[in-house]
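Structure, as structure tokens:
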Amino acid sequence: MKPKHQRLALAGAALAALGIAATLALPALKDQAAYFYAPADVAAKGVTPGQAIRLGGLVEKGSLTRSADGLTIHFRVTDRLESVPVAYTGIVPDLFREGQGMIADGRFDADGTFRAETLLAKHDENYMPPEVAKAVEKAEAAAKARPETPTP
């Protein structure tokens with residue numbers, strides 16, 4: 001075989017191997033993707049139980065409870081428009097507290113509770129994760145745009 005044909009065969013084999021690798025890798029990566037949702041997005045779009053998502057917002061004040069084992073906590077995440085119940089079992093970050101920004105990766109169960117597998121808390125007083133900040137701003141703008149209903 002001439003050197004030119006050898007190079008073409010090698011290039012063709014390399015492209016075929018790359019195509020096979022991409023075909024195998026992309027579906028696996030899609031299963032690992034977690035899309036960010038704020039509580040208002042969960043309420044508006046709905047989420048399938050078992051679907052992996054990233055939930056972010058503020059820990060609702062007065063909602064944090066700890067179980068007797070000390071490892072499981074229950075709380076609500078809000079974007080000041082909607083709120084979602086969350087359960088997490090594991091070591092809670094030191095900076096995790098009510099009224100602070102947080103992001104959790106996990107899945108919803110059949111009863112609508114978000115089962116967090118990882119829990120991240122904001123790391124200083126001035127920082128809020130960008131996704132959470134955008135979601136809270138969006139929810140506040142939507143709340144201001146709603147017409148007020150008179151109370152009887």
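Worth a mention:
- Karplus-derived 3J(HN,Hα), 6.51/-1.76/1.60, for each residue of region 40-53, Hz, glycine and proline x: 5, 5, 4, 5, 6, 8, x, 10, 6, x, x, 6, 6, 9
- Length-normalised contact order for the chain - Cα pairs under 8 Å, 6+ apart - percent: 20 percent
- Likely footprinting exposure, Asp79, Asp69, fewest C-beta neighbours within 10 Å first: Asp69, Asp79
- Spin-label pair Ala11-Leu24: with each label point 7 Å from Cα along the Cα-Cβ axis, the two points sit 2.5 nm from one another.
- Charge dipole (debye, nearest 20) of the chain; +1 at Cβ of Lys and Arg, -1 at Cβ of Asp and Glu: 900 debye
- In plain terms, the bigger the Kirkwood radius, the slower the diffusion; for region 34-145, with that radius from Cα pairs, at 25 °C and 0.890 mPa s, Stokes-Einstein puts D at 177 µm²/s.
- Ordering Ala145, Tyr37, Ala25 by the projection of their Cα atoms onto the charge dipole of the chain, which places +1 on the Cβ of Lys and Arg and -1 on the Cβ of Asp and Glu, puts Ala25 at the extreme positive end.
None of the figures in this text is laboratory data; all of them are computed from the coordinates on show. As the structure is a prediction and not an experimental result, all values here were calculated from the model. Quick reminder, even Gly has a Cβ in these numbers, built from the backbone with ideal geometry, and neighbours come from all protein chains shown.
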